[in-house]
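Chemist: Shown below is the structure under consideration.
FYI, it's all coordinate maths here, none of it is from the lab. Values in this document were obtained by computation on a predicted structure and should not be read as measured data. Neighbour counts run over all protein chains shown; Cβ positions are idealised from the backbone, glycine included.
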């Protein structure tokens, strides 16, 4: 069973059986800062392939950009989160990596999870309209039933237990050609493994 708690700019969903969290935050950054992230992302060095797999040459190829600690520090991303509730989730965790995913309307997206990780997902695009789709979809532990779907909302941050199976719904061809998300991953303490 899932519980939904609404606050001004925060929505919380938690699976009461597993205590795995999905936290949604809107309006944490002003337009100037969101534009800074977008401009950085759109000029990133993107690679074909996927860091979670060595498969190459399939009919689907994933496009991503790996961000170094220096890149994230230059963006001041975690510094901007210091005075928000998001910091409470990551202040005692080790940041392992950040990547930007670039998806297109013709991409195939698969249900997946990240072992022993907490994720901060940030929706980078500055404009997104109803009908363009691109939702992030979270599933039950078996990857069968949808437990939560987050509309692609510019500037939205989702903090979630990355062991929850998830994927994205491809964006519509009537929307932007590129859908950008920035994902930062953190290791849970070894005692939680």
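Chemist: How would you rank 145-154, 89-98, highest first, on the average number of other Cβ atoms within 10 Å across their residues?
Modeler: Working: 145-154: 16.0, 89-98: 14.2.
The peptides rank, most packed first, as 145-154, 89-98.
Chemist: Still on this model: When you count, for each residue, the other Cβ atoms within 10 Å and take the mean per peptide, how do 132-139, 155-162, 65-72 rank with the highest first? Each step should come with its number before you reach the end.
Modeler: Working: 132-139: 19.6, 155-162: 22.9, 65-72: 14.5.
Order by mean packing, descending: 155-162, 132-139, 65-72.
Chemist: Can I ask one more? With only alpha-carbon atoms counted, please give the Rg and Dmax of segment 62-193, in Å.
Modeler: Answer for segment 62-193, Rg first and Dmax second: 14.9, 47 Å.
Chemist: Oh, and also: Given 0.36 nm per residue, what is the gain on full extension from residue 94 to residue 126 after removing their alpha carbon distance, in nm? Each step should come with its number before you reach the end.
Modeler: Numbers: separation 32, 0.36 × 32 = 11.52 nm, distance 2.90 nm.
Between residue 94 and residue 126, full extension yields 8.6 nm more.
Chemist: At 0.36 nm per residue, minus the direct Cα-Cα distance, what do residue 146 and residue 82 gain on full extension? Give it in nm, one decimal, please.
Modeler: On the way: separation 64, 0.36 × 64 = 23.04 nm, distance 3.16 nm.
Roughly 19.9 nm would be gained on extension.
Chemist: Taking 0.36 nm per intervening residue step and subtracting the Cα-Cα distance, what contour gain separates residue 153 from residue 63 on full extension? Mind showing how you got there, number by number?
Modeler: Details: separation 90, 0.36 × 90 = 32.40 nm, distance 2.08 nm.
Contour length minus Cα-Cα distance gives 30.3 nm.
Chemist: Calculated FRET efficiency, residue 45 and residue 104, Cβ-Cβ r, R0 22 Å, to nearest 0.05? Could the numbers behind the result be given before it?
Modeler: Numbers: r = 18 Å, r/R0 = 0.80.
In this case the efficiency is close to 0.80.
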